[in-house]
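Novice: Dropping the structure in here first, questions after.
A short reminder: the numbers here are calculations on the coordinates, not readings from a lab. As the structure is a computational prediction, the values presented were derived from the model and not from experiment. Every residue, glycine as well, gets a Cβ built from its backbone with ideal geometry; the counts of neighbours run over all protein chains shown.
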Amino acid sequence: MGLIMSSSQSSEYPLYYTNKIETMDRESLEMLQLDRLEWQVKRCYESSEFYRERFDRIGLKPGDIQSLDDVLNIPPVSKQELRDEQLSHPPFGRYVVAPEKDWRELHPSTGTTGVPVNTIWTEKDIENITLWTSRTLWNFGARPGDIIQNGFSYGLWVAGMSCHYAAKAMGCFVLPIGASMAERQIDYLVNPGSTVLLSTPSFALYIAERMNKRGIDPSDISLRIGCFGGEAGAEIPPTREKIEARLGIDAYDYYGLAEIGPTCASECVEKAGIHWVEDHLLVEIIDPKTNKRCNPGQVGVLVLTHLTKEATPMLRYWTNDLARITTEKCDCGRTHARSEGGILGRADDMIIYKGANFYPAQVEKVIRSFDELDDEFRIRISTDKKSGIDVITVVAEYRAKEIVNDVFKNKVKQAFREELEVTPGLELVEAGSLERTMFKAKRVEDMRVKAG
Ligand SMILES: [Zn+2]
């Protein structure tokens, strides 16, 4: 049993962390957004040469932004443009709007390729981020008195620090273990008995696997809630089911990114999509072909605008992540828009194969729907030497050698055909032979022969 768990489950607490904002009617919410947008656009134009040049190039003035739809006239900012800006105006580029004396923390992006993009937080930014991250943990069911095991990487990554601040602000007991030491993570789950675990879904599955090897059953620990981010997973049904069953918890998904902030959107207990923090962000889903807004429910690229960020505000940041959005009221009572199914993939992760296109998350969904297969997998893209054609092979791990036969393989291939509309090759290897990860998993291996 956890030390102080009982107090956290009582109903003495309200349902919402910030009631007024989270259940505000849409009209009032949009008025608040417009107010904040006008403030943001004006200060970006006045204090940032980077933004002023972009506005002047197309003859746009801050006064031209008079409605939430007018924001479509502002050209989107890509990550590459931010990198180029940093290189031409080192070290932070001219998109920093707050004066240097107000800077408090630096949080660059953690991408594995390219130069990291620096983002800065002022004291007010930290305050806002702490507030909306507390809201996220509250929405998952965390309450004062919970023991929060923060398995997110501390340091430069946005999630570690912000969840730490939020948990403290909520009155929780924080274990700042970070994204390492699976065995010690398990020790703390046993004693003092953490009630909330924060980590990537891949790491949670790895912890569950190690726990099982040590003979520790979910009923031996007090864990109640899992807060999962950094990569897709918690909203892919078979992955969620596995994490929930193996750790004996409710698993929730959230989404964040360095350029915008941590926990920008997160699930509520209804598990009906991730709710956006719309009082701090303007959320758009854009059709990349037309650059117009998608209809509700239609999948497009997520474009985010900071409404309150002081230090490094983004006006229409082109995330390259794919999602859909609905403003239909959720059963939880919150009015903030939701993205059902969470983030559906990255526009540049799309795999094109034999005329069809699919995302790694769809492969994950198939692999994890088979109990005969272990959780880890790879998508290997290579070039056939003779034909020069791309070949895709999914490498998955079998749990028992007996299942490696054509009947089973055909069953998996059939599931691929239904989900992806194409059938990649399938290679089955022994359980445990693919490397496990503690941070974001890299499951696509591109071994294609590059032209030239
Ligand atoms: Zn909800």
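Novice: Please arrange Met161, Met181, Met24 by counting, for each residue, the other beta carbons lying within 10 Å of its beta carbon, fewest first.
Specialist: Details: Met161 24, Met181 13, Met24 19.
The fewest-first ordering by Cβ neighbours comes to Met181, Met24, Met161.
Novice: Assuming R0 = 51 Å, what is the FRET efficiency of Glu328 and Lys386, from their Cβ-Cβ distance, to the nearest 0.05?
Specialist: With R0 = 51 Å, the Cβ-Cβ based efficiency is 0.45.
Novice: Ok, one more. Over the chain, calculate the relative contact order: mean separation of alpha carbon pairs under 8 Å at least 6 apart, over the residue count, as a percent. Walk me through the numbers on the way to the answer.
Specialist: Working: 895 pairs, mean separation 64.6, N = 452.
The normalised contact order for the chain reaches 14 percent.
Novice: Using label points projected 7 Å from each Cα along Cα→Cβ, tell me how many nm separate Asp25 and Arg94, to one decimal.
Specialist: 4.5 nm
Novice: Turning to a different aspect of this structure: Tally the DSSP beta bridges in segment 371-452 and give the antiparallel ones as a percent, rounded to 5.
Specialist: Within segment 371-452, antiparallel bridges account for around 45 percent of the total.
Novice: Hand me the trypsin sites (Lys or Arg not before Pro) from segment 368-411 located in a DSSP loop with no more than 10 other Cβ atoms within 10 Å, in residue order please.
Specialist: On the way: sites: Arg368, Arg378, Arg380, Lys385, Lys386, Arg399, Lys401, Lys409, Lys411; in loops: Arg368, Lys385, Lys386, Arg399.
Passing sites in segment 368-411 are Lys385, Lys386.
Novice: With a sphere of radius 13 Å drawn around the Cβ of Ala400, what net charge do the other residues whose Cβ falls strictly inside it have (Lys, Arg +1; Asp, Glu -1)?
Specialist: -4
Novice: Could you calculate the contour length gain from Ala169 to Glu12, that is, 0.36 nm times the residue separation minus the distance between their Cα atoms, to one decimal place in nm?
Specialist: That works out to 54.7 nm of additional length.
Novice: With each label point set 7 Å from Cα along the Cα-Cβ vector, what nm distance links Ala400 and Lys61?
Specialist: In this crude spin-label approximation the distance works out to 7.6 nm.
Novice: Does the chain classify as rounded, prolate or oblate by the C-alpha gyration tensor (a ≥ b ≥ c root eigenvalues; a/c under 1.5 gives rounded; else a/b over b/c gives prolate, otherwise oblate)?
Specialist: Oblate, because a/c is 1.5 or more while a/b does not exceed b/c.
Novice: Oh, and also: From the square roots a ≥ b ≥ c of the eigenvalues of the alpha-carbon gyration tensor of segment 156-237, which class results: rounded (a/c under 1.5), prolate (a/b over b/c), or oblate?
Specialist: It is oblate, given that a/c is not under 1.5 and a/b is not larger than b/c.
Novice: If each residue of separation counts as 0.36 nm, what is the full-extension length gain between Val115 and Asp187 once their alpha-carbon separation is subtracted?
Specialist: Fully extending the segment from Val115 to Asp187 adds 22.2 nm.
Novice: From the Cα gyration tensor of segment 89-128, with a ≥ b ≥ c the square roots of its eigenvalues, which class applies: rounded if a/c is under 1.5, or else prolate if a/b is larger than b/c, or else oblate?
Specialist: On the way: a/c = 3.11, a/b = 1.49, b/c = 2.09.
In terms of gyration-tensor shape, oblate.
Novice: Which percent, to the nearest 5, of DSSP beta bridges fully inside the chain are antiparallel?
Specialist: The antiparallel proportion sits near 60 percent.
Novice: Report the gain in length on full extension from Asp446 to Leu87: 0.36 nm times residue separation, minus Cα-Cα distance, nm rounded to one decimal.
Specialist: 126.4 nm
Novice: Quick check on the chain: helices-only [θ] at 222 nm, where DSSP H runs of length 4 and up contribute -39,500 (n - 2.57) each and the sum goes over total residues. Nearest 500, please.
Specialist: Value at 222 nm, helices only, nearest 500: -9000 deg cm²/dmol.
Novice: Given R₀ = 41 Å, what would the calculated FRET efficiency be for Arg52 paired with Glu270, taking r from the Cβ atoms and rounding to 0.05?
Specialist: Here the calculated transfer efficiency is 0.40.
Novice: Could you please report the charge total around Glu53, scoring K, R as +1 and D, E as -1 over all other residues with beta-carbon less than 12 angstrom from its beta-carbon?
Specialist: 0
Novice: Still on this structure: Roughly how far apart, in whole Å, are the Cα centres of segment 149-217 and segment 228-242?
Specialist: Computed from Cα coordinates, the inter-centre distance equals 16 Å.
Novice: In whole Hz, with x marking every Gly and Pro, tabulate ³J(HN,Hα) for segment 90-99 from phi via Karplus 6.51 cos²θ - 1.76 cosθ + 1.60, θ = phi - 60°.
Specialist: Result, rounded to whole Hz: x, x, 10, x, 9, 8, 7, 9, 6, x.
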